[in-house]
Amino acid sequence: GTGNYTFTLGGDAAATQTQPGAIYRFNNLSAGNYTIDLEDANSCSIVQQNVTLTEPVALTATAAITSNFNGAELSCFGASDGEITTTAGNGSGGYTYVLNEEPTNTTGDANGIYTGLAAGSYTVTVTDNNGCSATTTSIVIDNPVDVDVTAAASNISCNAAGDGSVTGSSSGGTGTLVYDLEDDLGNAIANTTGDASGTYTALAAGTYRVRVTDDNGCTSTSNNVVVSEPAVLSASTT
C-alpha cells in the first residue's frame with residue numbers, strides 16, 4: 001500500500017481512522033456484527049473482513065445460609081458460627097469473592113464459603129477474570145430465640161416432711177429442653193438430672209436453682225429459690 005491508511009468500521013457501529021501505520025484497533029465495541037475496510041492513499045482496498053463480536057453470558061451470583069443447628073442458623077443466641085455459601089455462574093470464570101458486611105469487608109476468599117458469622121445481613125460480590133461483577137441479594141442470618149428459665153418453689157408442709165418442690169419454666173431455645181436441678185453453688189442434686197418436665201418434688205429444705213439445656217447445648221440458669229420448712233410442731237398440756 002501507499003501513504004496513509006484509512007480504516008473504516010461498519011455494521012453495528014461506524015468509525016473511520018486514518019494513520020500511517022497498517023494496524024489500528026477499534027475499542028469499546030459492543031457485541032455485534034462488523035465490517036472492516038482498509039484502503040491506502042491511492043484508494044486501493046487492501047482488506048475487507050467481516051467480524052462478529054460475542055459477549056459472555058451475564059455473570060450471576062447467589063448466596064445461601066448453609067449453617068444448620070437443628071434447624072437454627074446459629075447454635076445459640078449471640079453465637080458467631082453461621083455459614084454462607086456463594087454460587088457463581090456464567091461470566092468468564094476465574095471468580096473471586098468479597099463478603100460485604102458492616103463495618104468491614106472480608107476479601108480474597110477463593111471458594112465463596114464464609115464461616116464464623118454472627119447474626120446480620122450479608123451480600124457477596126463476585127468478580128470474574130474480565131473484571132465483571134455481580135452482587136447477591138441480601139441474606140439475613142437470624143439469632144435463635146434465647147433460651148431462658150425461671151424457677152418457683154413450694155415450701156414443705158410440715159417439719160421434716162420432705163415434700164418441698166421446685167418448678168422450672170422455660171422459653172426459647174432450639175429443639176427439646178432438658179432440665180437439671182442444682183443447689184445454689186451449681187452442684188447437681190443427685191437423681192434429678194435430665195428431667196424433661198422441670199418439676200422436682202420430695203425436696204428437703206434448701207436453696208435451689210434450675211438449669212435448662214437445649215439440643216444445641218445452649219444453657220440458661222434460673223434465679224435461686226428457697227424451699228422452707230416450718231418449725232417443729234410442739235404441744236403442751238396444762
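Throughout, read-outs are computed from the coordinates displayed, never taken from laboratory work. For clarity, every value in this text was computed on a predicted model and none was experimentally measured. With ideal geometry, Cβ positions are generated from the backbone for all residues, glycine too; neighbour counts draw on all protein chains shown.
Sort Ser30, Ser45 so the one with the fewest other Cβ atoms within 10 Å of its own Cβ comes first.
The fewest-first ordering by Cβ neighbours comes to Ser30, Ser45.
What's the center-to-center distance, using Cα atoms, between region 1-62 and region 139-193 in Å?
Between the Cα centre of region 1-62 and that of region 139-193, the gap is 80 Å.
Which residue, Ile139, Ile189, Ile46, has the most motion in a Gaussian network model of the chain that connects Cα atoms within less than 10 Å?
Comparing Ile139, Ile189, Ile46 in a Gaussian network model of the chain, the most mobile one is Ile46.
Can you work out ³J(HN,Hα) from phi for every residue in region 126-142, in order, using Karplus 6.51 cos²θ - 1.76 cosθ + 1.60 and θ = phi - 60°, giving whole Hz and x for Gly and Pro?
10, 10, 8, 6, 9, x, 7, 10, 9, 10, 5, 5, 5, 10, 10, 8, 9
Under the Cβ-under-4.7 Å rule, which cysteines of the chain stay unpaired?
Within the chain, the cysteines lacking a partner Cβ under 4.7 Å are Cys44, Cys132, Cys158.
Take the chain, connect every pair of alpha-carbon atoms lying under 10 Å apart with a spring to form a Gaussian network, then pick out the residue of Gly198, Gly172, Gly21 with the largest mean-square fluctuation.
Maximum among the listed residues: Gly21.
Under 8 Å for C-alpha pairs, at least 6 residues apart: give me the relative contact order for region 22-174, rounded to a whole percent.
It comes to 19 percent, rounded to a whole number.
In debye, nearest 20: dipole of the chain around its Cα centre with unit charges on the Cβ of K, R (+) and D, E (-)?
Charge dipole, the chain, about its Cα centre: 260 debye, nearest 20.
Can you give the alpha-carbon Rg of the chain over 2.2 N^0.38 Å, where N counts its residues?
Against the compact-globule rule of thumb, the ratio is 2.12.
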